[in-house]
Amino acid sequence: MKPLEGLLVLEFAQFLAGPSAGLKLADMGARVIKIERPIKGEACRQLSIKDLFVDESSMLFHTINRNKESFAADLKNPDDLVQVKKLIAKADIMTHNFRPGVMEKIGLTFEDVLAINPKIIYGVITGYGEKGPWAKKPGQDLLIQSLSGLTWLSGKSSQGPVPFGLAVADLMCGNHFVQGILAALLKRAKTGKGVLVEVSLLESILDVQFEALTIFLNNGGKLADRGNVRGSAHAFLSAPYGIYETADGYLALAMGDLLLLGSILEVDLSKYTNKKTWFRSRAAIRKILSKQIITKDSDYWIKALREKGMWCEKVSDYNDLNHQPFMKDLQLKQTVKNSEGKEMETTRHPVKFDETILSSTKAAPKVGEDNEKIIEQFLKI
């Protein structure tokens, strides 16, 4: 039995943050029904990555919305809204990421929904919170990364701001959202009352940076110095931390004893016996290390370093990753199938319960694919 079996989730969410949370809840056993506008469905169905589509929806949509059902309803249509309210009356959780003011117009605010279902867990994702001058600005991942200071932590100083190659604000917000919903379920079990759960992209991405921000706030307001050496991996850690080019690829070195590393690499680091210099002089140290590491291939250095207990690893691209034995040993991929029989390979839920992997074979639904079944189960009197 999956941990959330028996829970019904209504998802009024689009794009990534809210639906990624719904995906996690579905993987853990909840029944997640997407409430979508008829015909076109939620907007992410047409937001593609590399122009990849399966049936009429983007591969991106399928990635985020597997293992869910779809109920098509026009929330501006009174008859459809009546049906949706009947579903709300039977739901455990309801989520949305509409801009502030939208649910007020529809009549589905937390207070409205509590009147229908006093025990509902009502989850809201916004870009910048519900109130204030920022509330109605677009909560988009790149904009949030840029506003939050995150883009000044990666790469070299000479590169200027460097955004993540993933929608990291959306994804982390989705994870925080799940944490809040699970905590709200526990609170409801104690009080018997509905709970409002709110998280914003901005608050979430600032929490991700709690380490760097705390250092900034307690260090005289000094900004992170990424340095100008290629492969810098952390603006606040000493040498040798970073990525180094080898004769045939790249090598990652984590924190470790610099003098031991120097002896293994056979480079002179005698100027840096004082550990305080490992941060102050990290650019100069990393240049010394780089000149030596590039002379041999990755396997040579991995063997030499691991024999002495140094933390290191090859740098993989997705092709390398896909051929790693652990991908099969840990069953890190799964195959899902849509209603037309089309198969897609994807990742699985990362958490196991009682040594059991949470997997599913259901791909994302078509718009309104489950209307008939949902009406039969929930809406017929």
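Each reported figure results from applying straightforward, stated rules to the coordinates on display, with no laboratory input. This one's a predicted model, so the numbers in the text were calculated from it and none came from an experiment. With ideal geometry, Cβ positions are generated from the backbone for all residues, glycine too; neighbour counts draw on all protein chains shown.
Taken about its Cα centre, the chain carries a charge dipole of about 940 debye when Lys and Arg each add +1 at the Cβ and Asp and Glu each add -1 at the Cβ. Per the Debye calculation on the chain with a single equal scatterer at every Cα and no solvent contribution, log₁₀ I(q)/I(0) for q = 0.08, 0.14 Å⁻¹ amounts to -0.54, -1.22. The calculated Kirkwood hydrodynamic radius for the range 124-207 is 14.1 Å, given to one decimal from all distinct C-alpha pairs. Residues whose amide H lies under 5 Å from that of residue 121, counting only those 5 or more places away or on a different chain, are 93, 94, 195; hydrogens are built 1.01 Å from N in the peptide plane. The charge dipole of the range 242-322, taken about its Cα centre with unit charges on the Cβ atoms of Lys, Arg (+1), Asp and Glu (-1) only, comes to about 620 debye. Exceedance of the 32 Å cut-off in Cα-Cα distance is limited, within the set 271/303; 296/333; 275/333; 156/342, to 296/333; 275/333; 156/342.
Structure shown: which of 137/362; 34/137; 190/328 lie over 31 Å apart, alpha-carbon to alpha-carbon? Beyond 31 Å: 137/362; 190/328. Ordered by the number of other Cβ atoms lying within 10 Å of each residue's own Cβ, fewest first, 32, 102, 336 fall into the sequence 102, 336, 32.
Residue order for 344, 94, fewest other beta carbons within 10 angstrom first, comes to 344, 94. Its convex hull of Cα atoms gives the range 242-322 a direction-averaged projected area, equal to a quarter of the hull surface, of 5.3 nm².
Membrane-span-like helices in the chain (whole DSSP H runs, Cα extent of at least 27 Å along the helix axis, mean Kyte-Doolittle hydropathy of at least 0.5): 168-191.
The alpha carbon centroids of the range 134-176 and the range 329-381 are separated by 30 Å.
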